[in-house]
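The values are calculated or read from the model by the stated rules, or taken from the named source; none is laboratory data. Computed from a predicted structure; not experimentally measured. Cβ: placed from backbone, ideal geometry, glycine included. Neighbour counts: every protein chain shown. The protein model used for the area step is the full one, side chains on, heavy atoms only, and it has no ligands, DNA or RNA in it. Shrake-Rupley method; radii C 1.70, N 1.55, O 1.52, S 1.80 Å.
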Amino acid sequence: MMRPHKAYPVELAQFHSTDYIDFLHRITPNMQEQYAKELLRYNMGEDCPVFDNLFEFCQIYAGGTIDAAHRLNYGLCDIAINWAGGLHHAKKCEASGFCYVNDLVLGILELLKYHARVLYIDIDVHHGDGVEEAFYLTDRVMTVSFHKFGDLFFPGTGDVKDVGEREGKYYAINVPLKDGIDDASFTRMFRTIISKVVEFYQPGAVVLQCGADSLAGDRLGCFNLSIDGHAECVRFVKKLNLPLLVTGGGGYTKENVARCWTVETGVLLDTELPNEIPDNDYIKYFKPDYTLRLNSGNHMENMNSKTYLGTIKMQVLENLRNIQHAPGVQMHEVPPDSYLPDFDEDEINPDERLDQHIQDKHVQRDEEFYYGDNDNDHDMEDTY
């Protein structure tokens, strides 16, 4: 069966690098053919367009999730947020669905250095296939994805019958949903399943992907969640009182994505935000009401009957009964952590990004033993 494609907005399709186009014009036809083959090999193009500073973009969002995991491991925070992350479709050897590097997998691998079990929860409208695939054969990570399934909806995976294999059998949980699911149905299913998952699995840390394309009115989505309904899932996970890494994800009605993640930041900080959006450089996107929460009403009929949702819930709970209760892990050598900066972050302006040159000055190579900045061993008398 042909894999469904994830159609993308026109402005994204036009976001190709002018330098990249110029490059194609300068190379020979044979080189162009070879270059096209390499792009096809890694699934670049169509859903994963090439654009200016693509590699730096991947470094920033993936590095943010890895750093968030480091901070949780070191006890520097209880909750770490990277709204730029959550690119859950990327695979080990290919890009997919706007996702180039799977930062969630990298973050979970960091958490596994300190935690025997990590729970991954995904409320994006699309199935979290890249994360599930990465941990499909292990019981160290349980993946739980709530998503639209059927009608060739991208990525075409995530049936309730997909439960993992070998050591990972029953540690992949999929909750396939139909069009139009509303707040009451979604949050009821979410609370029931996640409560049982935590009871059975007893994770040491949680990663929550908060894709906002599950909101009502999203340009690519087909669910009917309000911002408050979406945020209720975040509130429920926060109450578990486990180390929590929160990321963004999909979302194609940008003003509603901004609203949603702002409200959810408030939830994670136990802060009630006013409904009126203050004046800012992007205020024009929120007209005419300029409010944080929308009274959007129902956008589509809920095709998820009580019978259908009850059947899915029963199947998921039955699968949970088949797992080893809170599986353990053998003692093994923990891989070394990445470099953690030793400068005082409180003195750095959070609104200013350090350029690469300044960041490099904070890294000291182990094999360099200079007495001073200008010491190049010209004066050898002191060494004997």
Q: Order these peptides, 222-231, 161-170, 282-291, by their mean beta-carbon neighbour count within 10 angstrom, highest first.
A: 222-231, 161-170, 282-291
(Q) Tell me whether segment 53-97 comes out rounded, prolate or oblate; compute the Cα gyration tensor, take square roots of the eigenvalues as a ≥ b ≥ c, and use a/c under 1.5 as the rounded threshold. (A) prolate
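So, counting K/R as plus one and D/E as minus one, what does the shell of residues with Cβ under 9 Å around GLY211 add up to?
Charge balance in the 9 Å sphere: -3.
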Q.
Taking a virtual spin label 7 Å from the Cα of ASP78 along the C-beta vector, which residues in segment 239-257 bring their backbone nitrogen under 14 Å of it?
A. 239-245
(Q) From the phi angles alone, apply the Karplus equation (6.51, -1.76, 1.60; θ = phi - 60°) to segment 307-315 and give each ³J(HN,Hα) in whole Hz, x where the residue is Gly or Pro. (A) 5, 5, 5, x, 5, 4, 4, 4, 5
Q: Assuming a ≥ b ≥ c are the square roots of the Cα gyration tensor eigenvalues, decide whether segment 123-210 counts as rounded (a/c under 1.5), prolate (otherwise, with a/b larger than b/c) or oblate.
A: oblate
Q) Given H placed on each backbone N at 1.01 Å, which residues far from SER96 in sequence or on other chains put an amide H within less than 5 Å of it? A) ALA90, LYS91
Q. With all protein chains present, how much of the accessible area of segment 144-252 (probe radius 1.4 Å) comes from carbon and sulfur, to the nearest whole percent?
A. 47
Q: Arrange the peptides 314-322, 198-206 so that the one whose residues have, on average, the most other Cβ atoms within 10 Å appears first.
A: 198-206, 314-322
**Q.** Peptide ranges 150-158, 64-72 listed from the most packed, as the mean C-beta count within 10 angstrom indicates
**A.** 64-72, 150-158
Q: Give the cross-link partners of LYS287 among the lysines, using a straight C-alpha distance below 17 Å as the criterion and excluding same-chain residues fewer than 8 apart.
A: LYS254
Q) Amide H to amide H, which residues 5 or more places from PHE51 or on other chains are under 5 Å from it, using H placed in the peptide plane? A) SER17
Q: Just list whichever of LYS239/LYS284; LYS196/LYS238; LYS91/LYS148; LYS92/LYS196 have alpha carbons separated by over 26 Å in the model shown.
A: LYS239/LYS284; LYS92/LYS196
Q: Report ³J(HN,Hα) in whole Hz for each residue of segment 188-198, in order, from the Karplus equation J = 6.51 cos²θ - 1.76 cosθ + 1.60 where θ = phi - 60°; Gly and Pro get x.
A: 5, 5, 4, 5, 4, 5, 5, 4, 5, 4, 5
Q: Calculate, for PHE57 and ASP281, the FRET efficiency according to 1/(1 + (r/R0)^6) with r their C-beta to C-beta distance and R0 22 Å; round to the nearest 0.05.
A: 0.55
Q. So how much accessible area does ASP281 have, in Å² to the nearest 10, using a 1.4 Å probe?
A. 140
Q: Count the DSSP beta bridges whose two residues both fall in segment 41-198, then state the antiparallel fraction as a percent rounded to the nearest 5.
A: 15
